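J.: One structure, pasted below without further comment.
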């Protein structure tokens, strides 16, 4: 059994025994975050893409914890150029780690770092994370894609974490359809209400998920945890 904690925006901590993983650690400059980078103790940092609100505090957290960054090949090269340890993957590829397995999935979205101008950081991705015998699908930033249907056909997804904020990603209705494709046991919304431009009502998402899918929606407040 793993414990998943929402830290705001698209950032989640996943803990299983002695394994501590953080995904998309955007904390500094995040108006809804309560945790600070120095509060995070992580062995692994999973990053879906290079935008600042997902790469975030990766460098600070990875350096302080001697953690390994897991991400797509180009972003891994960027991490290594900063002196960080990194394990490169790419879309559709997976790797077995001592804590479980990570596979990158298709995400339709842009990507790029903003240090000294736009830096190419490879493709945006979602993440299939298997830890503690449970499989978590963190979709990253993405549009609704028919590829999500394959995830539901080939994987038993215990928890799907989906963006609902519209404008840059899926909105509520597309995220509900994504839930019907992936067929998770539980679904949690993310990437909403951090900024006015991505305002969305998670209660509406939860209601529509209950009406249109068999998944159990759980709306986490910042700092709230869920055991799966």
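Every number in this text was worked out from the coordinates using simple rules, so none of it is lab data. It should be emphasised that the depicted structure is a prediction, and the values quoted were computed from it without experimental measurement. Every residue, glycine as well, gets a Cβ built from its backbone with ideal geometry; the counts of neighbours run over all protein chains shown.
J.: Helix 172-182 against the longest principal axis of the chain: what's the angle in degrees, Cα atoms only, rounded to the nearest 10?
T.: 90 degrees
J.: Out of the DSSP beta bridges found with both residues in the chain, what percent are antiparallel (nearest 5)? Spell out each step's value before the answer.
T.: On the way: 29 of 51 bridges.
Restricted to the chain, the bridges split so that about 55 percent are antiparallel.
J.: Same structure again: Using only Cα positions of the stretch 112-152, each an equal point scatterer, no hydration layer, compute I(q)/I(0) via Debye at q = 0.27, 0.34 Å⁻¹ and quote the log10 values to two decimals.
T.: Rounded to two decimals, the profile gives -0.97, -1.16.
J.: I've got another one for you. Helix-only estimate, please: 222 nm mean residue ellipticity of the chain, summing -39500 (n - 2.57) across DSSP H runs of length 4 or more and dividing by its residues, to the nearest 500.
T.: Values: 6 runs with 51 residues, N = 228.
For the chain, the value works out to -6000 deg cm²/dmol.
J.: Right, here's the next one. Among the DSSP beta bridges whose two residues both lie in the stretch 13-100, what percent are antiparallel, rounded to the nearest 5? List each step's numbers first, then the result.
T.: Details: 4 of 15 bridges.
Around 25 percent of the beta bridges assigned by DSSP in the stretch 13-100 are antiparallel ones.
J.: Rounded to the nearest Å, what's the spacing between the alpha carbon centres of the stretch 165-224 and the stretch 81-116? Just the number, please.
T.: Cα centres, the stretch 165-224 to the stretch 81-116: 24 Å.
J.: A further question on this structure: Sort largest first and round to whole Å: the equivalent ellipsoid semi-axes of the stretch 122-212, each the square root of five times a Cα gyration tensor eigenvalue. Walk me through the intermediate numbers first.
T.: Working: eigenvalues 82, 45, 29 Å².
The three semi-axes for the stretch 122-212 are 20, 15, 12 Å.
J.: What's the exposure ranking of 74, 216, 38, going from fewest to most Cβ atoms within 10 Å?
T.: 38, 216, 74
J.: Please give the helix 202-212 orientation as an angle from the longest Cα principal axis of the chain, in degrees from 0 to 90, rounded to the nearest 10.
T.: The angle comes out at about 50 degrees.
J.: Can you compute log10 of I(q)/I(0) for the chain with the Debye formula, treating each Cα as one identical point scatterer, at q = 0.11 Å⁻¹?
T.: Relative scattering, expressed as log10 I(q)/I(0), comes to -0.47.
J.: Counting other C-beta atoms within 10 Å, which of 10, 180 has the fewest, and how do the rest follow? Don't skip to the end; give the middle numbers.
T.: Numbers: 10 29, 180 15.
Fewest to most other Cβ atoms nearby, the residues stand as 180, 10.
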